[in-house]
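Before any comments, here is the structure.
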Amino acid sequence: MSDCRLYLVSPPRLSPANFAEVLKGALAGGDVASFQLRLKDIDDDHIRKAVDILRPIVQAEGAAFILNDRPDLAAELGCDGVHIGQEDAPYAQARRLVGPSGVVGVTCHDSRHFAMEAAEAGADYVAFGAFFPTATKEAKTHADPDLLRWWSELMVVPAVAIGGITIANAPALIEAGADFLAVSAGVWDHPGGPEDAVRAFNALFRAS
């Protein structure tokens, strides 16, 4: 049985009130470690509204609620942590804002150097990708499962795999040592619906 767990990432566009029911359905499918709210090109008030509606749903199920890009709003709105990219707030600033107990995850693309820097700074996880083609965002880099294998053999900081992950292609990443699979469209656009997708991912983890 693998120790890998599911890390849900929101669709890039959503109506918080409508998505709340979709999210509840997904969480009913089984174990979810965390949910990242990743909304681009919208104003702060829309982010605040989305967090106020969705955060209690996620936290009630024992999952961590992570906000993308914005450590300031993550701290203000009671999120469990923040995920930052290489062009976002620096790690030290994010850590200062969310505090010592908050989660700070860092996008490291396909870079061993970025990942080592993030781990040494104190990041709670590093994220590698994109492992597969994705329509959710424009992938700047392509990562190979060997990167996960290398990381898992050397480091204790968890690794998140991201980018085009589906139930069909996930086994290679689980086998390579990913601690979390960050999945967006592979859950929300699953033919059987999000609840079935989460159930299927958890079945993969148990079988690995």
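A few remarks follow.
- When the residues of the stretch 1-35 are filtered to those that are under 12 Å from the mean Cα position of the chain (by Cα) and of a type in the set (Ser, Thr, Tyr), the one that is nearest to residue 88 (Cα to Cα) is 10.
- Among all positions in the stretch 173-186, there is at least one residue which is touching a Lys or Arg at 6+ places or on another chain (Cβ under 9 Å), more than 26 Å from residue 92 (Cβ to Cβ) and acidic (Asp, Glu).
- Residues of the stretch 14-35 satisfying the condition of being touching a residue at least 12 places away in the same chain (Cβ under 8 Å) and assigned to a helix (DSSP H, G or I): 16, 17, 19, 20, 22, 23, 24, 25, 26, 27
- From the list 187, 198, 157, the one residue that fits, being touching a strand residue (DSSP E or B) at 6+ places or on another chain (Cβ under 8 Å) and free of Cβ contacts under 8 Å to residues at least 60 places away in the same chain, is 157.
- Any hit, the stretch 68-87, residues being of a type in the set (Val, Ile, Thr), in contact with a Pro (Cβ under 9 Å, 6 or more places away or on another chain) and under 20 Å from residue 166 (Cα atoms): no
- Residues in the stretch 156-179 that are more than 15 Å from the chain's Cα centre (by Cα) and closer than 15 Å to residue 142 by Cβ: 3 in all.
- Listed here are the helices (runs of 4 or more DSSP H) enclosed by the stretch 127-208 that have at least 2 residues being in contact with a Pro (Cβ under 8 Å, 6 or more places away or on another chain) and either surrounded by fewer than 22 Cβ atoms within 10 Å (Cβ to Cβ) or modelled with pLDDT under 95 (or both): 170-176, 185-188.
The values are calculated or read from the model by the stated rules, or taken from the named source; none is laboratory data. The structure presented is a predicted model; accordingly, all values stated were derived computationally and were not measured. As a convention, Cβ positions derive from the backbone with ideal geometry for all residues, glycine included, and neighbour counts pool all protein chains shown.
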